[in-house]
């Protein structure tokens, strides 16, 4: 696989980094090159426009955008690019239990889709980005198949444990 970043991970502020780190760690484990930066829809709108409009020409294939509060970043980025955008609602300090972020990202108007993962669910954003990359990178197909087999094995160990030891 080439070293050119295939996934862009962006967030509205540095305070989102602890949540967004899970997406980066998953992509790193899958050996998928990515970039991470801060792009604020409200405080640096020109930067957001430049980032989103140049993403495809820079070789990106998917953008993961995390945002808290009003959470406009994923939708605004999606409006500026034809690349798939995965939104990660972040429960930030100014958030209303995170629901404001979830709904801001989830309720996109027709024609501007944003794939939305769970609140603080950036690991799933990384998995979804890897799934998209796997449509043209066979190494990623193999990685994801192995990853899912490991998930299955972990559940089966839990089944065995509960069935032999009981629920107490």
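The values are calculated or read from the model by the stated rules, or taken from the named source; none is laboratory data. Keep in mind that this is a model prediction, so the values were computed, not measured. Counting neighbours? That spans all protein chains shown, and the Cβs are built from the backbone with ideal geometry, glycine included.
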Problem - First in the range 1-20 and closer than 22 Å to residue 138 by Cβ, second anywhere and assigned to a strand (DSSP E or B), Cβ under 6 Å, 6 or more apart - result: 5/34; 5/35; 7/34; 7/62
Exercise for the section: Please indicate, with yes or no, whether at least one residue in the range 61-71 is touching a helix residue (DSSP H, G or I) at 6+ places or on another chain (Cβ under 7 Å), modelled with pLDDT of 95 or more and over 20 Å from residue 123 (Cβ atoms). Expected result: no
Exercise for the section: Keeping to the range 82-100, report how many residues are at pLDDT 95 or above and either part of a helix (DSSP H, G or I) or within 18 Å of residue 60 (Cβ to Cβ) (or both). Expected result: 7
Problem - Flag for residue 32 being surrounded by 21 or more Cβ atoms within 10 Å (Cβ to Cβ) and part of a loop (DSSP other than H, G, I, E, B) - result: yes
Handout entry: Selected residue (criterion: surrounded by the fewest Cβ atoms within 10 Å (Cβ to Cβ)) from residues of the range 56-81 that are part of a loop (DSSP other than H, G, I, E, B) and out of contact with any strand residue (DSSP E or B) (no Cβ under 8 Å at 6 or more places or on another chain)
Key = 57
Exercise for the section: Within the range 129-145, count every residue that is in a helix (DSSP H, G or I), over 17 Å from the mean Cα position of the chain (by Cα) and in contact (Cβ under 8 Å) with a residue 40 or more places away in the chain. Expected result: 2
Handout entry: Out of 113, 89, 109, sole residue that is under 15 Å from the mean Cα position of the chain (by Cα) and surrounded by fewer than 19 Cβ atoms within 10 Å (Cβ to Cβ)
Key = 113
Problem - Residue list for the range 41-55, restricted to those being surrounded by 17 or more Cβ atoms within 10 Å (Cβ to Cβ) and either assigned to a loop (DSSP other than H, G, I, E, B) or in contact with a strand residue (DSSP E or B) (Cβ under 8 Å, 6 or more places away or on another chain) (or both) - result: 41, 51, 52, 55
